[in-house]
Structures are given as C-alpha cells and as structure tokens.
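S.K.: Next up is a structure, given as structure tokens.
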Amino acid sequence: MTEKYIIMDVDTGVDDSMALMLAGACKDLHILALTCTYGNNEVEKTTRNTQKIAELLGIDAPVAMGAVRPMIDPPMDFSGGLGPMIHGLDGLGNVGDRLQEPVHPVSELKAPDLMAEVIRKAPEMVTIVATGPLTNVAAFLLSWPELADKVELIALMGGAAYGGNLAFTVEANIGHDPEAAAVVFHSSIPKVVFGLDATMGVYITDEERVAMAEKSAVGAFMKDCLQPYADTYRQLANWPGAVLHDSLPVAWLIDPDTVTLKPVVIDIELNGRLNRGATVCDFNSNHTADTNTLIAMQADREKIIALHLEAAGHYQ
Ligand code: BDR
Ligand code: CA
C-alpha cells in the first residue's frame, strides 16, 4: 500500500479500539493525531479510553478531547441504554481498568484545532478516518475552511443505504448529530462511507476472538473487551459475533480489496418524522456520475478478520 497520513476521530469504544489496533499495526499508516468525541460514552471517558488504548498499542500521537454534545440536539444521556450495554459502562467492555492509567497528557488543543495544526504541518495530504458522530470533523471544516484542500479524503463509519441501528433507517454515528453529518456530506472533500450495509457482515466469532487472544497480550485484551459487545449482538440481533463496524475504513486503507464500493449521492435527512439522521442515498440520479462519494455495499469478512489476527500478532 502507499503511505498515508491519517487523523483518527474516535469515540472509543470497543470497535473503535479494534480499528486503532489495526491502524497501529500498519507501518504505512502514519497516525498524526487521535481526536475524540462523545458518542459511545461521554467525551471525558472516550478520551481517556483513547489514551489508554493508544498507550497499550504504542501509538505515539497526540490525543485531543473534542465535542461534548451534538451541534443542535440535546446532550446524550450515558447513564443507560445501548451505548453502555454494547461497549460496557467504561466504554471498554468493562475491562478498561486492566490497562494502566495514561502517562501522556491530553493535548491542550481541542479536537478541531489539533486537526488543523497537524494538517497544516503534515508533509502530505491527510486522510481523516472518523468512527464516531461527526461533530469534531464538522467543527474543523467550519473553523478552518482554508485547510480543506489539504484533506485528501474523509473515510467514515456511519450511515446506511438500507436499514438502521438507532432508529428507522438511521445509523448511530450519523443519527447522533445529523447537522454535523450534513456539514461533512456537503463539503467538497471526497468521502468513502462505510455504513451498516457493509459493516454488519464483518463480525468476529468467539473462535476467532480466541485465536486473536493467542497472538499477543493486546489480542487477549481485545478478546475480553469485545465480550459484552458480542453478548449484546447475540441477544438483541441473534448475530454470530461482535460487529467490527469501525475497522472497515482502516481495513480498506490497508487493502482496498476488502470492500466493494459504489458511487452514490448522499444527503442527510434533517427533519424526517421517522428518519431524522438518515443517509438518503441516490444510486441512479444524473448526479451520481459527478459524485465525490463512494459507499461500501459489501465487505470481505474473512479478509478483514485475517487482518485483525495479523495485527494482533504485531504487538508482541
Ligand atoms: C457505530 O456506533 C458505535 O456504537 C460504534 O462504535 C460504531 O462507530 C455503529 O453504528
Ligand atoms: Ca465508534
């Protein structure tokens, strides 16, 4: 693969942690910054989790705290509900306290400003990989429009052409901040969208988690971190494993053959009685030929799981 300079905007998060494991093991992905948003949990927790996971993985990049809430909608309530159920109360499958307290301080800059700083200084164009609500990315685009030309691509986990997991046809990362998503989708920066159409097929089975645990201490931690996540997907959806949504953009950067992409025009439903936050996808309009957006419609589960096992083995 060709070398890439990336910023990961995350709401760590169990599957965010798996995405970080994948990215941290790839020598051709240069992680310039980790910026954190609320989403799976409150931003103080997702930031601390990101610091802990970065230190576990030896990712030497600044970590910044970002948005505490969506742009328009009220702050989320993290005292219960699906987020803590899937990701554990601590956001790391209830095993986060096995990791040492972070040594490196959180950046003095807020997430959008750290994005701006590292993009300005980067030797090449930068790819933003976003795996949480898009509030930080939107705030960056609104605050620093002159830097958009230096962003090669936004590769994001979010949305769905069909189906949803937050509400009727609404996926969580987009549905938690539809206005931020609209800012991102209206920007001229090319986008590759990894939504539920592709991500739901990429689950890790219990047997594969055991195989991952045998690769390294990092693999063993991730296996346990994924336990409540796997249990919830089994109970609620009768799914055969824990779905690694957030790994897809990273897996695609490592190996483009892991997913099938289709050109699409996407806009965000901001009103809908049933579907505020839906990614409305048009595959057939005259505009599709000019679109700067691709959406993943399928993914190669086995290839992507193999990348995770290989990545776990990297952390000896
Ligand atoms: C997305 O929501 C979060 O719970 C996951 O981390 C992922 O980014 C899936 O809809
Ligand atoms: Ca996430």
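The values are calculated or read from the model by the stated rules, or taken from the named source; none is laboratory data. Keep in mind it's a predicted model, so treat the numbers as computed, not measured. In this analysis, Cβ positions are derived from the backbone assuming ideal geometry, glycine residues included, and neighbour counts consider all displayed protein chains. The protein model used for the area step is the full one, side chains on, heavy atoms only, and it has no ligands, DNA or RNA in it. Shrake-Rupley method; radii C 1.70, N 1.55, O 1.52, S 1.80 Å.
S.K.: Which of LYS45/LYS110; LYS27/LYS223; LYS262/LYS303; LYS52/LYS110; LYS191/LYS303; LYS191/LYS262 have a Cα-Cα distance over 21 Å?
M.R.: Numbers: LYS45/LYS110 15 Å; LYS27/LYS223 23 Å; LYS262/LYS303 19 Å; LYS52/LYS110 18 Å; LYS191/LYS303 23 Å; LYS191/LYS262 12 Å.
Those over the limit are LYS27/LYS223; LYS191/LYS303.
S.K.: Roughly how large, in nm² to one decimal, is the mean projection of the convex hull of the alpha-carbon atoms in the stretch 271-316?
M.R.: Numbers: hull surface 25.2 nm².
One quarter of the hull surface, i.e. the mean projection, equals 6.3 nm².
S.K.: Let me ask something else about it. Could you work out how much longer the chain between THR260 and GLU108 gets when fully extended? Use 0.36 nm per residue separation minus the Cα distance between them, nm to one decimal. Working shown, then result.
M.R.: Numbers: separation 152, 0.36 × 152 = 54.72 nm, distance 3.95 nm.
Here the segment from THR260 to GLU108 would lengthen by 50.8 nm.
S.K.: Ordered by residue, what ³J(HN,Hα) values in Hz, to whole numbers, does the stretch 167-174 give under the Karplus form 6.51 cos²θ - 1.76 cosθ + 1.60, where θ = phi - 60° and Gly and Pro are x?
M.R.: So the J values, rounded to whole Hz, are 8, 3, 6, 10, 8, 4, 4, 7.
S.K.: Would you please give the FRET efficiency between ASP73 and MET1, computed as 1/(1 + (r/R0)^6) with r the Cβ-Cβ distance and R0 = 35 Å, to the nearest 0.05? Mind dumping the intermediate values first?
M.R.: Numbers: r = 38 Å, r/R0 = 1.08.
Using R0 = 35 Å, I get an efficiency of 0.40.
S.K.: Something else: How many percent of the accessible area of the chain is carbon or sulfur, using a 1.4 Å probe?
M.R.: Details: 6770 of 12760 Å².
The nonpolar share, carbon plus sulfur, comes to 53 percent.
S.K.: Sketch the reach of a paramagnetic label on ALA148 as a point 7 Å from Cα along Cα-to-Cβ, and name the residues of the stretch 68-85 whose backbone nitrogen lies under 11 Å away.
M.R.: none
S.K.: Could you run the Karplus curve 6.51 cos²θ - 1.76 cosθ + 1.60 with θ = phi - 60° over the stretch 52-57 and give me ³J(HN,Hα) per residue in whole Hz, x for Gly and Pro?
M.R.: Each residue's phi maps through the Karplus curve to give 4, 5, 4, 6, 4, 8 Hz.
S.K.: Along the stretch 11-28, what does the Karplus equation 6.51 cos²θ - 1.76 cosθ + 1.60 (θ = phi - 60°) give for ³J(HN,Hα), rounded to whole Hz, x for Gly and Pro?
M.R.: Those phi angles translate into 10, 4, x, 6, 6, 4, 4, 5, 5, 5, 4, 5, 5, x, 8, 9, 5, 8 Hz.
S.K.: Using modelled amide H (1.01 Å from N, peptide plane; none on Pro or chain starts), what sits under 5 Å from the amide H of ILE295, excluding residues fewer than 5 places away?
M.R.: Amide H neighbours of ILE295, under 5 Å, 5+ apart: VAL193, LYS262, VAL264.
S.K.: When each pair of different Cα atoms in the chain is counted once in the 1/r mean, what is the Kirkwood radius in angstroms, to one decimal? Write down the numbers at each step before the final one.
M.R.: On the way: mean 1/r = 0.0526 Å⁻¹.
For the chain, inverting the mean 1/r across all distinct Cα pairs yields 19.0 Å.
S.K.: Something else about it: For the chain, what is the calculated [θ] at 222 nm in deg cm²/dmol (nearest 500), taking -39500 (n - 2.57) for each run of four or more DSSP H residues and dividing by its residue count? Before the final figure, lay out each step's value.
M.R.: Working: 13 runs with 119 residues, N = 316.
Calculated at 222 nm, the ellipticity per residue is -10500 deg cm²/dmol.
S.K.: Name the long-range amide H neighbours of LEU166: under 5 Å, sequence gap of 5 or more, or other chain; modelled H, no Pro or chain starts.
M.R.: GLU171, ALA172
S.K.: Label PHE283 and ASP224 with points 7 Å out from Cα along Cα→Cβ: what is the distance between them in nm?
M.R.: 4.3
S.K.: Which of the chymotrypsin sites (Phe, Trp or Tyr not before Pro) found in the stretch 206-298 are in a DSSP loop and have at most 10 neighbouring Cβ atoms, other than their own, within 10 Å?
M.R.: Numbers: sites: PHE221, TYR229, TYR233, TRP252, PHE283; in loops: PHE283.
Of the chymotrypsin sites (Phe, Trp or Tyr not before Pro), not one in the loops of the stretch 206-298 has a Cβ with at most 10 other Cβ atoms within 10 Å.
S.K.: Kindly list the residues of the stretch 35-69 that lie in the label zone of ALA217, defined by a backbone N under 16 Å from the point 7 Å along the Cα-to-C-beta vector.
M.R.: It comes to 52-59, nothing else.
S.K.: Let me ask another. Where only protein heavy atoms count, and the probe is 1.4 Å, what is the accessible area per residue for the chain in Å²? Please report the intermediate quantities before stating the final value.
M.R.: On the way: 12760 Å² over 316 residues.
Accessible surface, normalised per residue, equals 40 Å².
S.K.: What residues have an amide H closer than 5 Å to that of ALA278, excluding those fewer than 5 places away on the same chain, when H is modeled at 1.01 Å from N in the peptide plane?
M.R.: Excluding prolines and chain starts, which carry no amide H, the hits are GLU269.
S.K.: At most 14 other Cβ atoms within 10 Å plus a DSSP loop assignment makes a site exposed; report the longest stretch of the chain without any exposed trypsin sites (Lys or Arg not before Pro).
M.R.: Working: sites that count: LYS27, ARG273.
With a cap of 14 other Cβ atoms within 10 Å, the longest stretch comes to 28-272.
S.K.: Of all GluC sites (Glu not before Pro) in the stretch 74-133, which ones are in loop regions per DSSP and have a Cβ with at most 12 other Cβ atoms within 10 Å?
M.R.: Details: sites: GLU108, GLU117, GLU124; in loops: GLU108, GLU124.
Sites meeting the loop and neighbour criteria: GLU108, GLU124.
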